[in-house]
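Inspection log for the structure reproduced underneath, given as structure tokens.
The values are calculated or read from the model by the stated rules, or taken from the named source; none is laboratory data. A quick note: this is a predicted structure, and the numbers were derived from the prediction, not measured. Note that each Cβ is placed from the backbone with ideal geometry, even for glycine, and that neighbours are counted across all protein chains shown.
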């Protein structure tokens, strides 16, 4: 389930169920919606005794939605109009 498509409470409940039942598969599917310079080797590695959690080990991100606008371009355009700037740089 693409979490950007949640429209109803039932959609939310289903996404939540999937995220709890199989978090690695759920978050891997969400990460697939982004462009990666290098895809990850492992989705999740955790040790709650330390505590330590690592996500998308080995992956190199390129912060850009696969089907949306470039975040850096969007934030620069917004700041030039006097709006708040959210920087991902």
Restricting attention to the range 35-53, and to residues there that are at pLDDT 90 or above and within 14 Å of the chain's Cα centre (by Cα), which single residue is farthest from residue 25 (Cα to Cα)?
39
Tally the residues that are assigned to a loop (DSSP other than H, G, I, E, B), surrounded by 11 or more Cβ atoms within 10 Å (Cβ to Cβ), touching a strand residue (DSSP E or B) at 6+ places or on another chain (Cβ under 7 Å) and without any contact (Cβ under 8 Å) to a residue 24 or more places away in the chain, restricting the search to the range 20-53.
1
Please indicate, with yes or no, whether at least one residue in the range 72-82 is touching a helix residue (DSSP H, G or I) at 6+ places or on another chain (Cβ under 7 Å) and either at pLDDT 90 or above or surrounded by 12 or more Cβ atoms within 10 Å (Cβ to Cβ) (or both).
no
Does the range 58-65 contain at least one residue that is surrounded by 14 or more Cβ atoms within 10 Å (Cβ to Cβ), in a helix (DSSP H, G or I) and at pLDDT below 85?
no
